[in-house]
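Structure, as C-alpha cells:
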C-alpha cells in the first residue's frame, strides 16, 4: 500500500485539512493508501511514497530521493486530484 505524507510547518491545521482532502480524492479514484500529516522536521525522517505540501515549504524535502509535490493552492481539489493521479495511479 502506498504511503502519502502531507506536510506543513507545524503539522497541524493545513496539513490536516489537506489529509482529509487527499483521502476524499483517493476514495473518488478508488485507490487505497495510507495517508497522514506531519510537520516539516518530522517529515524529513519519515519514509513515504509521496510527500505533499505547499510549494514554498515542500522544496525543503526535495533531496533528489523523495517524490515531492508542491501545491500552489492547498484547497484546490482539482490540483490535488491531478497530483495524485500523476504520482499514485
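With just the Cα atoms defining each centre, how far is segment 1-28 from segment 32-89? Give it in Å.
Value for the Cα centre distance between the two parts: 8 Å.
Note down the nm distance, to one decimal, between modelled labels 7 Å out along Cα→Cβ at residue 34 and at residue 3.
0.5 nm
Give the angle, between 0 and 90 degrees and rounded to the nearest 10, that separates the Cα long axis of helix 13-29 from the longest principal axis of the Cα atoms of the chain.
The angle comes out at about 30 degrees.
Of all beta bridges DSSP finds with both residues in the chain, what is the antiparallel percent, to the nearest 5? Display every interim value, and only then the final one.
Details: 0 of 14 bridges.
Here the share of antiparallel DSSP bridges comes out near 0 percent.
Rounded to the nearest 500 deg cm²/dmol, what is the calculated helix-only ellipticity per residue at 222 nm for the chain, with -39500 (n - 2.57) per DSSP H run of length n ≥ 4? Kindly include the intermediate steps, with their values, before the conclusion.
Details: 4 runs with 36 residues, N = 89.
Rounded to the nearest 500, the figure is -11500 deg cm²/dmol.
Among 79, 34, what is the fewest-to-most ranking by other Cβ atoms within 10 Å? Mind dumping the intermediate values first?
Numbers: 79 14, 34 11.
The fewest-first ordering by Cβ neighbours comes to 34, 79.
Any idea how far apart residue 49 and residue 67 come out in nm if each label point goes 7 Å out from Cα toward Cβ?
0.7 nm
Could you work out Rg/(2.2 N^0.38 Å) for the chain, with Rg from alpha carbons only?
Numbers: Rg = 11.5 Å, N = 89, 2.2 N^0.38 = 12.1 Å.
In units of the globular-protein estimate, the chain measures up at 0.95.
Any read-out appearing in this document is the output of simple, stated calculations on the displayed coordinates, not a laboratory observation. Remember, it's a predicted structure, so these values are computed and weren't measured experimentally. Neighbour counts run over all protein chains shown; Cβ positions are idealised from the backbone, glycine included.
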